[in-house]
Amino acid sequence: MQPDPTSSQPEIEALLVEQRTFPPDPGFAARANATADLHAEAERDVEAFWAAQARERISWFTPFETTLEWDLPFARWFDGGTLNVAYNCVDRHVERGLGEKVAYHWIGEPGDRQTITYRDLQARVNRAANALRELGVAKGDRVAIYLPMIPELPVAMLACAKLGAPFTVVFGGFSSEALADRINDAGAKVLVTADGGWRRGRKVGLKHHADAAVASTPTIEHVLVVSRLRDGCHMVEGRDHWWGETVDRQSDRCDPVPVESEHLLYLLYTSGTTAKPKGIVHTTAGYLLGTSFTHHAVFDVKPDDVYWCAADIGWVTGHSYIVFGPLANATTGIIYEGAPDTPAWDRWWQIVEEYGVTILYTAPTAIRSFMKQGEAWPRGHDLSSLRLLGSVGEPINPEAWLWYHTHVGGGRAPIVDTWWQTETGSILISPLPGVTTTKPGSATFPLPGIGADVVDAAGVPVPPGGGGYLVITRPWPSMLRGIYGDPERYRETYWSRFPGRYFAGDGAKRDEEGYFWLLGRVDDVMNVAGHRLSTIEVESALVDHPSVAEAAVVGKSDEVTGQAIFAFVILRAGHEPSDALALQLREHVAYVIGPIARPRYLLFTPDLPKTRSGKIMRRLLRDIAEGRPLGDTTTLADATVVDTIRENTGSAED
Ligand code: WT7
């Protein structure tokens with residue numbers, strides 16, 4: 001929905017009021033990395049703040065001369081400086097005596113494991129970098145990486161960084177067309193892939209997708225293939241090379257190639273409103289600073305922590321918070337290849353117990369699926385090592401927040417609800433643990449140095465309690481530098497709606513105390529009888545009911561009210577769909593939010609259509625609600641889900 005500047009209605013009505021607050025525990029606060037004065041320190045002189053952080057956190061080959069050059073919307077950070085990301089993430093730790101520290105505990109789905117120290121990681125990265133160099137990769141050449149969650153994935157990313165070769169990781173679940181589009185847009189010279197990977201107890205082939213893609217990617221000269229499944233696969237003579245043969249025979253020494261601060265580090269493709277995916281540009285120094293600073297302050301990481309970000313490395317969350325932020329901070333991390341329900345729904349809790357995980361970072365969609373399975377799964381394991389929990393990817397419903405807090409965090413671990421985007425590179429809005437009093441469902445405040453606001457369609461800041469559009473008011477070090485090859489689209493998408501400010505595309509509200517509450521993508525806003533309602537508030541009201549595990553709502557066109565709310569509901573284990581329960585749930589929403597938000601339609605469903613990163617595809621739910629043919633389903637994780645939902649739609653109306 002487009003904002004209507006002539007409307008007298010508030011942009012998005014903020015109706016759900018969450019009252020519970022969680023002040024920081026004094027014991028936690030006493031040891032916290034973040035301190036209460038950070039915000040004020042940053043506000044005094046924001047450029048000086050970032051410059052000081054950049055000197056402290058990054059090892060430079062040449063010091064930078066200027067902190068920021070801002071030619072709106074094009075930013076240059078730390079010009080004059082040279083550095084190397086792989087050196088900062090690996091070599092310098094070995095040099096200062098941390099060679100034996102574990103960088104990653106890797107856990108394969110079938111139960112195979114690897115423990116990789118910083119010294120091991122250094123040797124692996126160097127061999128891979130030397131192999132890429134042998135295949136013709138030099139500074140500035142692009143490399144595409146299409147791998148499952150195996151150690152070679154971060155190794156390949158770091159090997160590229162070591163050579164100053166920008167990379168683009170394509171999530172292993174994407175099709176050959178999606179891979180080919182990204183390779184062609186990036187102009188990649190080498191593709192790193194694998195024969196396949198493991199998913200839910202099954203072998204999933206990857207190389208045949210890579211082969212199909214490379215048939216239409218003229219720039220690819222060589223394909224480097226990891227043997228994960230050890231079954232062999234089709235190899236093209238001269239073009240394809242086994243990792244085990246090409247990488248393992250290389251020298252384990254490789255000097256880092258110094259690059260300029262604004263040198264392209266990677267491209268990550270994200271879907272926009274049009275078909276063509278956007279190649280989000282991240283450069284070297286600002287990105288490294290943003291990820292390492294936030295990883296330190298938001299996750300409170302200490303030298304003895306065992307940190308687990310359970311995302312896939314193929315998404316920005318994995319880039320920033322499995323690879324670059326944690327390694328820059330010499331953290332010990334967990335990488336798990338598989339699914340949370342394989343072999344059973346306690347796989348994660350078993351890993352937490354066995355490795356003594358202290359910090360866990362995941363997404364609301366995962367938390368809600370754990371909720372759906374019941375608290376017996378986490379209760380069966382000793383989770384007392386956990387001292388901090390994080391959430392990312394979409395607004396977290398207060399009930400899911402409380403479930404996570406109680407059943408995973410033992411009522412003790414603070415939760416950081418972190419708002420950011422592929423474009424922002426690192427977390428921008430989040431509590432600082434030990435400092436911020438949290439409220440379930442609120443990402444709380446912009447981090448130190450970050451300017452954020454909520455504005456109406458005319459760009460005027462909304463008063464406390466009001467809803468509108470989230471904007472970022474000044475440049476930040478890890479911001480995207482553009483859309484690859486398309487500066488106009490960059491300006492148009494992010495900087496034209498509210499001149500001078502970055503338009504995030506998310507709705508948000510600020511409460512009387514200035515807390516930020518994210519309300520979802522503005523395209524998902526519903527309009528019921530002239531009231532703009534956010535999907536997340538109605539969904540949270542549904543999930544607030546004890547029988548509901550997960551809910552998604554969309555607007556269905558209605559002659560009288562413009563749109564009527566159509567709710568899709570997944571019940572928790574032990575609850576059965578019935579007309580009486582549907583009625584009760586509608587009333588529950590009316591009670592919690594107000595009669596305007598009572599869903600007109602409610603459908604019980606076993607599953608919801610999601611993207612591979614777990615975001616609900618409300619666009620497809622709108623198609624189902626309207627009874628029209630489905631739009632583009634290529635990014636859908638499980639195509640059978642929509643058919644199942646469709647078969648049930650007859651019974652939805654009240
Ligand atoms: C969109 C960005 C950034 C890592 C994963 C997603 C939504 C993200 C939150 C949060 C409410 C959130 C926004 C944002 N989002 N985190 N804590 N609360 N919404 O990256 O795929 O680029 O998606 O995810 O809508 O715009 P992405």
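Could you tell me what % of all Cα pairs in the range 608-648 have separations over 16 Å? Summing the P(r) of the range 608-648 above 16 Å gives 21 percent of all pairs. DSSP beta bridges fully contained in the chain are about 60 percent antiparallel. In whole percents, the pair-distance distribution calculated for the range 550-618 from its alpha-carbon pairs, binned every 10 Å from zero, is 19, 47, 30, 4. With the charge dipole of the range 525-651 set up from +1 on Lys and Arg Cβ and -1 on Asp and Glu Cβ about the Cα centre, the Cα lying farthest toward the positive end among the listed residues GLY594, THR605, ALA549 is that of GLY594. Between THR436, GLY201, GLY173, the Cα set farthest toward the positive side of the dipole of the chain (charges on each charged residue's Cβ, about the Cα centre) is that of GLY201. Here the dipole of the range 525-651 is about 320 debye; that uses its Cα centre as origin and unit charges on the Cβ of Lys and Arg (positive) and Asp and Glu (negative). The value of relative contact order for the range 525-651, using C-alpha pairs under 8 Å at least six residues apart, is 21 percent. In a reduced charge model with +1 at each Lys and Arg Cβ and -1 at each Asp and Glu Cβ, the range 486-581 shows a dipole moment near 360 debye about its Cα centre.
Considering only the other residues whose Cβ falls under 12 Å of the Cβ of GLU539, what net charge follows from Lys and Arg at +1 and Asp and Glu at -1? Result for the neighbourhood of GLU539: -4.
Listed cross-link partners LYS162/LYS302; LYS162/LYS189; LYS101/LYS302 are compared with a 20 Å cut-off, the Cα-Cα value being larger for LYS162/LYS302.
The residues of the chain expose on average 36 square angstrom of accessible surface per residue, using a 1.4 Å probe on protein heavy atoms. The three principal axes of the C-alpha atoms in the range 525-651 carry coordinate ranges of 37, 36, 27 Å, sorted with the longest axis first.
Among ARG619, ARG44, the order of accessible area from largest down is ARG44, ARG619, computed with a 1.4 Å probe on protein heavy atoms.
The local environment of THR217, defined by Cβ-Cβ distances under 12 Å, has a net charge of -1 under the rule Lys, Arg +1 and Asp, Glu -1. A Stokes-Einstein calculation at 25 °C with viscosity 0.890 mPa s, built on the Kirkwood radius of the chain over Cα pairs, returns a diffusion coefficient of 97 µm²/s.
Taking the alpha-carbon distance from LYS610 and a cut-off under 28 Å, which lysines remain once sequence neighbours fewer than 8 residues away in the same chain are dropped? Partners found: LYS203, LYS207, LYS276, LYS278, LYS372, LYS439, LYS509, LYS556. From its DSSP helices (H runs of at least four residues, each -39,500 (n - 2.57)), the chain gives a residue-normalised ellipticity at 222 nm of -7500 deg cm²/dmol.
3J(HN,Hα) along the range 58-64, derived from phi through the Karplus expression 6.51 cos²θ - 1.76 cosθ + 1.60 where θ = phi - 60°, amounts to 10, 8, 9, 7, 10, x, 6 Hz, with x in place of Gly and Pro. Per-residue 3J(HN,Hα) values for the range 163-177, derived from phi via the Karplus relation 6.51 cos²θ - 1.76 cosθ + 1.60 with θ = phi - 60°, read 8, x, 9, x, 10, 9, 8, 10, 3, x, x, 7, 6, 5, 5 Hz in sequence order (x marks Gly and Pro).
Net charge in the neighbourhood of THR644 (other residues with Cβ under 13 Å of its Cβ; Lys, Arg +1, Asp, Glu -1) is -3. Couplings 3J(HN,Hα) for the range 556-561, derived from phi with the Karplus relation 6.51 cos²θ - 1.76 cosθ + 1.60 (θ = phi - 60°), are 10, 5, 9, 4, 8, 9 Hz, where x marks Gly and Pro.
For the range 108-175 versus the range 338-361, the spacing of their alpha-carbon centroids is 25 Å. Using C-alpha pairs below 8 Å separated by at least 6 residues, the relative contact order for the chain is 14 percent.
Net charge dipole, the chain: roughly 860 debye, given to the nearest 20, about the Cα centre with Cβ charges of +1 for Lys and Arg and -1 for Asp and Glu.
Note on the range 519-639: dipole from Cβ charges, positive end direction compared against ASN527, SER540, VAL569; the farthest Cα belongs to ASN527. Residues whose amide H falls under 5 Å from that of GLY451, counting only those 5 or more places apart or on a different chain, are THR473, ARG474, with hydrogens built in the peptide plane.
The values are calculated or read from the model by the stated rules, or taken from the named source; none is laboratory data. All figures in this text were calculated on a predicted structure; none of them were measured in a lab. Methodologically, a virtual Cβ is constructed for each residue, glycine included, from the backbone with ideal geometry; neighbour enumeration extends over all protein chains shown. To get the accessible areas, we keep the full protein, side chains included, count just its heavy atoms, and leave off ligands, DNA and RNA. Shrake-Rupley method; radii C 1.70, N 1.55, O 1.52, S 1.80 Å.
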